[in-house]
1. In what order, largest first, do 24, 49, 30 sit by accessible area if the probe radius is 1.4 Å?
2. With all protein chains present and a 1.4 Å probe, how do 79, 20 order by accessible area, largest first?
3. Please turn the phi angles of segment 55-68 into ³J(HN,Hα) values with the Karplus equation 6.51 cos²θ - 1.76 cosθ + 1.60 (θ = phi - 60°), one per residue in order, whole Hz, x for glycine and proline.
4. What accessible surface, in Å², does a 1.4 Å probe find on residue 7, ignoring ligands, DNA and RNA and rounding to the nearest 10?
5. At a threshold of 8 angstrom on Cα-Cα distance, excluding pairs fewer than six apart, so keeping six or more, what relative contact order does the chain reach in percent?
6. Report the label-to-label distance for residue 111 and residue 40 in nanometres (one decimal), using points 7 Å from each Cα along the Cα→Cβ vector.
7. Per residue, how much accessible area does the chain have with a 1.4 Å probe, in Å²?
8. What is the mean projected area of the alpha carbon convex hull for segment 5-118, to one decimal in square nanometres?
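The values are calculated or read from the model by the stated rules, or taken from the named source; none is laboratory data. None of the values given here were measured: they were computed from a predicted structure. All Cβ positions, glycine included, derive from the backbone under ideal geometry; neighbour counts span all protein chains shown. Note: accessible area is taken over every heavy atom of the protein model, side chains too, but ligands, DNA and RNA are not part of it. Shrake-Rupley method; radii C 1.70, N 1.55, O 1.52, S 1.80 Å.
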Amino acid sequence: MESNSMIDLRIHDLCKNKLKLGDSDAAIMSKCVQLMFAEERDLLLKHYSEIERKDRKEFEEALDLRVGLMVEQAYNLHKDLFEKKFPGVNNTDIMQWMFTYFAFVMGGVVAILLILLKK
């Protein structure tokens, strides 16, 4: 009986001691209980996998919707910023202004560092 690895010895001992069965009857009963447990486990796993699959599908649909909205917003922003022509403003003017601003900021930083180093 112990040589049969298909029988769970814990269930066999419970059947033998609690139900007061002989070795052969306890082996048969433990095998039946193990089969019932296996069937119940398979049903629960199937049930939970179906729930998980349904939840995953709902999550993917929500994610697809959100990504679609973000793409649409990005497209509209791009369209608003780059496709509309603003009179008197072009990219060169903006880049020159940004470079001038950066130069003034860096000049201020250098001036502050020189003042601090002079002390």
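1. The most accessible residue leads, giving 24, 49, 30.
2. 20, 79
3. Once rounded to whole Hz, the list reads 4, 5, 5, 5, 5, 5, 5, 5, 5, 4, 4, 5, 5, x.
4. Rounded to the nearest 10, the figure is 20 Å².
5. That works out to 14 percent.
6. Once both label points are built, they end up 8.2 nm from each other.
7. Per-residue accessible area for the chain comes out at 92 Å².
8. 19.8 nm²
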